[in-house]
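Data first, discussion second: the structure below is written as structure tokens.
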Amino acid sequence: MRATVARIYLGDFVSTKRWFILAALLGAQLSGCANLPADYGRDDVAVLLKERGHEIAVGGDADARGRLLAELSGRPLTADDAVRFALVNNPALTAEYAKLGFAAADVYDAGRLSNPSLSASVLLTGATGFVDEPSFGLVQSFTSLLLLPARSRFAEGEFDRVKLLVGAATLNLAAETEAAHYRMVGALQTEGMRESVVRAAQASAELAQRFFEAGNLSRLELALERAAGSQARLDFLQAQADVSAARSRLNKLMGVSAQEGRWTVEERLSAPVADEDELSDLFTLAAASRLDLAAARRKVALFADALGVTRQFRYLGNVDLGVEHTRISEGARLTGPTLSLEIPLFNQGKGRVARSESQLAQAEAELRTLETGISNGIQRAFAEVASARARAEEYRQSLIPLREMIVTHTLEEVNFMLKGQFELLLAKQQEYDAYQGYLAAVRDYWLARVELSRQVGAPLPSQAAVDEFVLDAPVPATSGGAMGDMHDGGGMKDMNLPKEPADETQHGDHQ
């Protein structure tokens, strides 16, 4: 053959039987190609979330938002309602779910051979009596065929890992939304208390002004009353700003614009649960429930598998098999197989092995970091729950009753002219601060429980005991404030604090 081609001819070395075997092998590999999942794995994520207490619409249901809006309209938004709406409507979560499509596409591509290459050439003789010699070739990568099972296995494992990560992102959003709801409720309770304090301070300042005009109050004492009223208004303005910030935060997490955010919430928090979970049980639960931990373990397994494949085929470069057909003079035709083999002369794959080893080492380090972070995160959140609970109990059982008693006795001594108005004003302010501290402690308790649940990766076992009784915000009286108390006996309304349960089954009494 006079034609020069860029292939190595094998001639009769490769028999027709061997070509049939190769064709059969190609057919078997192609028949096992993975199909593109219809739902991109959303159903699998939904199952993971349902096992962890969240049941959401899947499959990109466009009507899910409208149905949920209709269901939630006309009633205050609970923490569960806010979470359900966020999981349907949050745009950032929609972007997370889009990652499933990328991973599913990788599975589809990994399960298929690279397309064959068709080549054509014409050798021009330029001499009289000779004809041009066209040549045609068809080449398929044998390396692609050989690595197809490993490539498919890795892509499918990565797809499973992405599903775990999307589930973890969904749980994180749920925790953030629940925490934002608690902040919103706490801010509303604080706003309501501060508004009542403002009314009491205003009434007290007005009465002080009348006393001053009658000559029964000094200018200094009047200034103290007016300063207390101004401070109360400042605190109320800050409370209003906190409510606005909390509403905006919750709107953002639920994917709701400011114009749409006309929802309301229950302006009260549940009291702490009767019995908290054991720390050792939470460690065990986290090991089985954390989706990001499962994803990190899957990543280590995938890179370990990839390292084994890389080591096994480190000397294998590009190997192309094909067939070539050419026509020579006098109409004769030649057809035969071709082989293109990369010779590992300058590169024996050491770089690929080193890269795979580094990827595995990095994945193992990330797994250890995550495991350490989870255990310490659980311990920290557990301690924060215990601390907030202890603070709330100290406020409820000790400080608030003492502050109320101090105000009552101080008022009696003021009426008998044994103490002045300064002591009463200080006692009232300290009473307000105790109420504020109690509300903050209960809010911090629920925020810490949300964080503890997020660290565990599943609802806390004690979650079933929530909402056995609720906690109402304290509301100061508005009939005269400190000055009015000195003359008409007005004072704080009793705070609706949960009493100690009479037995193990009763937790819902209010004072």
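Take the Kirkwood radius over Cα pairs of segment 293-332, plug it into Stokes-Einstein at 25 °C and 0.890 mPa s, and you get 171 µm²/s for translational diffusion. Positive end of the dipole of segment 314-454 (Cβ unit charges, origin at the Cα centre): among A434, V407, G377, the Cα lying farthest that way belongs to G377. Applying 1/(1 + (r/R0)^6) with r as the Cβ-Cβ distance of V323 and V122 and R0 = 22 angstrom yields a FRET efficiency of 0.75.
Taking the Cβ-Cβ separation of A105 and Q240 as r and a Förster radius of 41 Å, what is the calculated FRET efficiency to the nearest 0.05? Once the sixth-power term is evaluated, E becomes 0.25.
Scaling the Cα radius of gyration of segment 136-262 by the globular reference 2.2 N^0.38 Å produces a ratio of 2.28. For segment 337-370, GluC sites (Glu not before Pro) are listed when DSSP marks them as loop and at most 10 other Cβ atoms sit within 10 Å of their Cβ; the list is empty.
Could you compute the FRET efficiency for R262 and A38, with r as their C-beta to C-beta distance and R0 at 35 Å, rounded to 0.05? Between R262 and A38 the formula returns 0.40.
Counted by neighbouring Cβ atoms within 10 Å, the residues F283, F159, F416, F211 run from fewest to most as F416, F283, F211, F159. Taking 0.36 nm per residue of separation and subtracting the current Cα-Cα distance, fully stretching the chain between F283 and Y315 would add 7.0 nm.
Fewest neighbouring Cβ atoms within 10 Å first, the residues T125, T410 line up as T125, T410. When I378, I406 are arranged by Cβ crowding within 10 Å, least crowded first, meaning fewest neighbours, the order is I406, I378.
Please work out the C-alpha center-to-center distance from segment 249-270 to segment 392-430 and express it in whole Å. With segment 249-270 and segment 392-430 each reduced to a Cα centre, they are spaced 37 Å. The stretch between Q348 and S398, if pulled fully straight at 0.36 nm per residue, gains 10.4 nm over its current Cα-Cα span. Using +1 at the Cβ of each Lys and Arg and -1 at the Cβ of each Asp and Glu in segment 331-475, identify which of A458, L341, A365 lies farthest towards the dipole's positive end. Towards the positive end, the residue furthest out is L341.
All of the numbers you see were taken from the coordinates with simple rules; none came from a lab. All of these numbers come straight from a predicted model, not from anything done at the bench. Positions of Cβ are generated from backbone atoms using ideal geometry, with glycine treated the same way; all protein chains shown enter the neighbour counts.
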